[in-house]
Amino acid sequence: MPIFEYACNACGHRFEFLKLPAATTVPSCPACQSQNLERLLSGFALSTTDQTKARAKAARKQTLESKDYKDAQVARAEEISHHR
Ligand SMILES: [Zn+2]
């Protein structure tokens, strides 16, 4: 599910908004309820590019090294073959 980042044009508050596929609600600023928002490119905001890259790298490393992740995949594969 995409998480969009918004900046409020009314008060400058920045927040992330999780957009559900079925949701038709318009996001509003949690600080001042304004709907005068500017959508930022989530994860690629200019000021946080380096931070995002570092975070993505760390997350990827963590996923690859995670034993639980592999175990979960094996367990799921075994479960599927078991049910066939
Ligand atoms: Zn606001």
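In region 1-33, which residue that is touching a Lys or Arg at 6+ places or on another chain (Cβ under 6 Å) and closer than 19 Å to R55 by Cα is nearest to the ligand (Cβ to nearest atom)?
Keep residues of region 1-33 that are touching a Lys or Arg at 6+ places or on another chain (Cβ under 6 Å), which gives 2, 4, 6-7.
This time we only want the ones that are closer than 19 Å to R55 by Cα, so: 2, 4.
Working: P2: 21, F4: 15 Å.
Ranking the qualifying residues of region 1-33, first place goes to F4.
Could you tell me which residue of region 34-48 is modelled with the highest pLDDT, considering only residues that are away from the ligand (no atom under 16 Å from the Cβ) and open to solvent by 40 Å² or more (accessible area, probe 1.4 Å)?
This residue is L41.
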ask   = Can you name every residue in region 1-33 that is in a strand (DSSP E or B) and open to solvent by less than 60 Å² (accessible area, probe 1.4 Å)?
value = F4, E5, Y6, A7, C8, F15, F17
message = Could you check region 49-66 and list, in sequence order, the residues that are at pLDDT 80 or above and assigned to a loop (DSSP other than H, G, I, E, B)?
response = none
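The values are calculated or read from the model by the stated rules, or taken from the named source; none is laboratory data. Fair warning: this is a prediction, and the values are worked out from it, not measured in the lab. Quick reminder, even Gly has a Cβ in these numbers, built from the backbone with ideal geometry, and neighbours come from all protein chains shown. SASA here: full protein model, heavy atoms, side chains in, ligands and nucleic acids out. Shrake-Rupley method; radii C 1.70, N 1.55, O 1.52, S 1.80 Å.
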